[in-house]
Each structure stands twice: as C-alpha cells, then as structure tokens.
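Taken together, the values in this text are just the output of simple stated rules run on the coordinates, not laboratory data. All of these numbers come straight from a predicted model, not from anything done at the bench. As a convention, Cβ positions derive from the backbone with ideal geometry for all residues, glycine included, and neighbour counts pool all protein chains shown.
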Amino acid sequence: MSCPFLREQPVAEGARIIRRAFQINRVLRDRQDPLAQRESVIVEKYRFSCEGVIYIIHLLEPHIKCSTRRSLALTTAQTVCIALRFFASGTFLYTIGDTENLVKSAVCRAIRKVYLALKQFLGVFVVFPSHLRPQVVKQNFFAIAGFPNVIGAIDCTHIPIKAPPGPNEGDFVNRKGVHSVNVQVNYYYCTIYNIPD
C-alpha cells in the first residue's frame, strides 16, 4: 500500500539504492573500424593484408551495404571482417561473436551476406582452363577411371625440408612437428599412357 504523501513507494526507493550499489557500468568497445590495428594483427585475424581486406570491402560494398544506421547497424567493413574471421578460423559462431562483441544471430547474418555476395564473383575469380571445354574434360576423366561429371582433381602433400634459418623457421613446422612445405597439385586434364612392363 502506498502513502499518499510520498511520491514514490519506499520499496521502489530501496530497490533503486540496492541496484545502484551493484550496478556495473557497461564498457562499450568501439566496433566502428576493425582495420584500426597493426598489420600483423590484421593478417593473423583475417588471413589478408589490410590492402586485401579493403579491396574485398570495396568489391562487396554494393552487395552488402546496410541501408540504415538504425540500431547501430554493422558497417560494410565490420560485416566483411566478421565473415573473413569466420572463414579464416573455421570456428563456431559463438566464438566469433564473443571476440567481436556481437550476438550469434548478427554473426550468422553477416557471414551469409558476405557469402552470397562472394558467390556472385565466383566466375570472376575461379576460372577453369579456357582451352578445353568442361564437357571434354568430363569425358576424359570418365574414360580414365569411370568417374562421371569430374572436371578436376586436387592433391596435396607435405615435402620434408631442412629447417630454414631465420625468424620464420616456425612457419615451416607442420602439425606433426616436422619441417615441411605443403605442395598442392591441380589436375584439369590428364592423359594416362599404357607403359609396358
């Protein structure tokens, strides 16, 4: 029951005092410029140099730019950097959200926007050999091993090397602790000859 002579209820005033005593001030980190870091940090986070990230931002900006600044919408640079961080690390959405101070749904939307925009440029950056038509390549692979609808193959291996001198020696250590170089081979068309024994 409230008193007609008091403007506020005593219980509410007591709760406000307790709330003030336990209040934690929110610390908001500036998320406006993800590229305002050292070059080495940018390469470590996004696997691209600062110039590379800026190129991708300018390339994708017409496709992913938010039409509003309402509710502190993510900028194009933030959206691209969130997606690049996910692509570079392959980790969970929660982890990316925690590091960028975002919720999982915002991270998911940012990755989807960038993925769909990048998909539009697939024909520009992924090009198969133009001197052979894909149908000819498919027929040749089918003739070799009976694989239908194959237009290419890829294989990778680690070639052991001696430990290189210098500060980048650790870059050549593979997951098994051996110094090696990762070599990748792409096959678009191959001919197998019958060699007599």
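Give me the pairs, please: first residue somewhere in the stretch 167-181 and closer than 16 Å to Thr157 by Cα and in contact (Cβ under 8 Å) with a residue 12 or more places away in the chain, second residue anywhere and surrounded by 11 or more Cβ atoms within 10 Å (Cβ to Cβ) and of a type in the set (D, E, K, R), beta-carbon distance under 8 Å, and either six or more positions apart or on two chains. Final answer for the pair search is His179/Glu169. The set of residues in the stretch 148-178 being among the hydroxyl-bearing types (Ser, Thr, Tyr) and part of a loop (DSSP other than H, G, I, E, B) is empty.
The residues on offer are Thr95, Thr99, Thr79, Thr91, and the sole one that is of a type outside the set (A, V, I, L, M, F, W, C), in a loop (DSSP other than H, G, I, E, B) and closer than 24 Å to Ala36 by Cα is Thr91.
Somewhere in the stretch 139-161, is a residue touching a Gly at 6+ places or on another chain (Cβ under 8 Å) and either surrounded by 13 or more Cβ atoms within 10 Å (Cβ to Cβ) or in contact (Cβ under 8 Å) with a residue 24 or more places away in the chain (or both)? Scanning the stretch 139-161 turns up no residue that is touching a Gly at 6+ places or on another chain (Cβ under 8 Å) and either surrounded by 13 or more Cβ atoms within 10 Å (Cβ to Cβ) or in contact (Cβ under 8 Å) with a residue 24 or more places away in the chain (or both).
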